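Shown next, in structure tokens, is the structure this report addresses.
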Amino acid sequence: MPDRRKFVKSAFLSAGAIVAGASVRAGASTAGLPQDVSYNTLRNKPVVVSTWDFGKEANAAAWHVLQQDGHAVEAVEAGVKVPESDPQNQSVGYGGRPDRDGRVTLDACIMDHMYRCGSVAGLEHIKHAISVARLVMDRTPHVMLVGDGALQFALENGFRKEKLLTPTSEREWREWLRDNKYSPVNNIENRLPGGRHNHDTIGMLAMDNRGNLSGACTTSGMAFKLHGRVGDSPIIGAGLYVDNEIGAATSSGVGEEVIRIVGSHLVVEYMRMGFHPGAACRKAVERIARHNPISAKEVQVGFLAVNKHGEYGAYALQEGFTYAVKTDGINEVFSSEHLF
Ligand code: SD4
């Protein structure tokens, strides 16, 4: 648990570092921040952050790796495998909701501290899409494999085919087919009580004891999407980006909106300009709202970011985006600030 003296000192150092590292601009220093963005100014190492409430359990698996002095890239892979295995999570891995043809197709990517990255899109029958993405990164000269090619690569590397469609997800799909006449929309989601938006993709960012950053993102994508639709999650720069000199960012929500602004890369670039991770996420969300003021009110997008100091923050279009944080003194789920 950080003591108060350490907190005050690190808060001071952090604000000072930001002011020293870039010209002060609105929202770029702690003093100039909009009031509704939560700021942590602790210097945390190691740190793991991930999207949504279930990120807490995933963070625990990642934290375990970091406690053994593992690398951030190993931690994020181990972390996101937790929801990939969980049939209750209907937007990631096993148990994910299918596309409109009843096929569960997974998107995932991973990026480490040396700009190495791997990705799969439209992968069927393999629940740990993130591990296939990691192998694309480690064992091929490529960044991204899709569809049958991704499956073939996975099988060649020892993965076994599994049925990913669970009875619950199949039942929901059949009900959807009956009411929606095979017509996909981009905002199918669980609604929490009160109608709040709730998606389930996991994006995870970690910094290890060496101060290196990595990230992972994995999803079954938008429920009942067109077969072949790819969202932001497996696209390096959209659903995830890591720049070990600056920070890392990931996203959840309607991928089309994120792809249009190359969202995670944009958040990292705002951090490069000196914005705190929370302010950087807010700037990206505002970009979406500015380009698309009408549809932005209808959909959810949330960004989560961490910088090189271990400072983190998030921001979303709508209420309901949550993120889980694990550091030496913190193991909590926070509600993100939001635009609307
Ligand atoms: C997608 N961004 O496929 C993903 C879906 C998501 O929470 O994040 N849902 O567009």
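The values are calculated or read from the model by the stated rules, or taken from the named source; none is laboratory data. Not measured: the values here are computed from a predicted model. Every residue, glycine among them, receives a Cβ derived from its backbone with ideal geometry; neighbour counts consider all protein chains shown. Calculation scope for accessible area: heavy atoms of the full protein, side chains included, ligands and nucleic acids excluded. Shrake-Rupley method; radii C 1.70, N 1.55, O 1.52, S 1.80 Å.
Checking each residue in the range 304-316 for being within 14 Å of the ligand (Cβ to nearest atom) and either among the β-branched types (Val, Ile, Thr) or out of contact with any Phe, Trp or Tyr (no Cβ under 6 Å at 6 or more places or on another chain) (or both) picks out only ALA316. Among residues of the range 209-232 that are more than 10 Å from the ligand (Cβ to nearest atom), those with a Cβ under 7 angstrom from a residue that is open to solvent by 10 Å² or more (accessible area, probe 1.4 Å) and polar (S, T, N, Q), sequence gap 6+ or separate chain, pair up as ASN212/ASN244; LEU213/ASN244.
Looking for something open to solvent by less than 50 Å² (accessible area, probe 1.4 Å), more than 16 Å from the ligand (Cβ to nearest atom) and touching a residue at least 12 places away in the same chain (Cβ under 8 Å) - is there at least one such residue anywhere in the range 250-267? No, the range 250-267 contains no residue that is open to solvent by less than 50 Å² (accessible area, probe 1.4 Å), more than 16 Å from the ligand (Cβ to nearest atom) and touching a residue at least 12 places away in the same chain (Cβ under 8 Å). Go over the candidates ILE330, ILE288 one by one and state the one that is away from the ligand (no atom under 15 Å from the Cβ) and out of contact with any Ser or Thr (no Cβ under 7 Å at 6 or more places or on another chain). Only one candidate passes the filter, namely ILE330.
Filtering the range 61-75 for residues that are open to solvent by 10 Å² or more (accessible area, probe 1.4 Å), touching a Gly at 6+ places or on another chain (Cβ under 9 Å) and of a type in the set (Asp, Glu) leaves an empty set.
Taken as a whole, the structure places VAL306 among residues that are in contact with a Pro (Cβ under 9 Å, 6 or more places away or on another chain), touching a residue at least 24 places away in the same chain (Cβ under 8 Å), within 26 Å of ASN209 (Cα to Cα) and among the β-branched types (Val, Ile, Thr).
Restricting to helices (runs of 4 or more DSSP H) lying wholly in the range 1-91: which have 3 or more residues that are in contact with a helix residue (DSSP H, G or I) (Cβ under 7 Å, 6 or more places away or on another chain) and modelled with pLDDT of 85 or more? Give the steps one after another, and end with the answer.
On the way: elements: 4-21, 55-67, 72-85.
So the answer is 55-67, 72-85.
The criterion of being out of contact with any helix residue (DSSP H, G or I) (no Cβ under 8 Å at 6 or more places or on another chain) and more than 10 Å from the ligand (Cβ to nearest atom) does not hold for HIS276. Going residue by residue through the range 52-59, is there one that turns out to be within 22 Å of GLY247 (Cβ to Cβ) and among the aliphatic types (A, V, I, L, M)? Scanning the range 52-59, I find at least one residue that is within 22 Å of GLY247 (Cβ to Cβ) and among the aliphatic types (A, V, I, L, M), so the answer is yes. Of the strands (runs of 3 or more DSSP E) lying entirely inside the range 99-167, those carrying at least 2 residues that are modelled with pLDDT of 95 or more and open to solvent by 60 Å² or more (accessible area, probe 1.4 Å) are 144-146.
The set of residues in the range 172-198 that are in contact with a Gly (Cβ under 9 Å, 6 or more places away or on another chain), at pLDDT 75 or above and not charged (D, E, K, R) comprises TRP173, LEU177. Of all residue pairs spaced 6 or more apart or on separate chains, those with beta-carbon atoms under 7 Å, a first member in the range 62-79 that is in contact (Cβ under 8 Å) with a residue 40 or more places away in the chain and a second member that is of a type in the set (D, E, K, R) and part of a helix (DSSP H, G or I) are GLU77/ARG134. Here PHE340, PHE275 are screened, and the one residue that is surrounded by fewer than 24 Cβ atoms within 10 Å (Cβ to Cβ) and in contact with a Lys or Arg (Cβ under 7 Å, 6 or more places away or on another chain) is PHE340. Looking across the range 199-208, the residues that are within 14 Å of the ligand (Cβ to nearest atom) and either at pLDDT 95 or above or over 14 Å from the mean Cα position of the chain (by Cα) (or both) come down to ILE202, GLY203, MET204.
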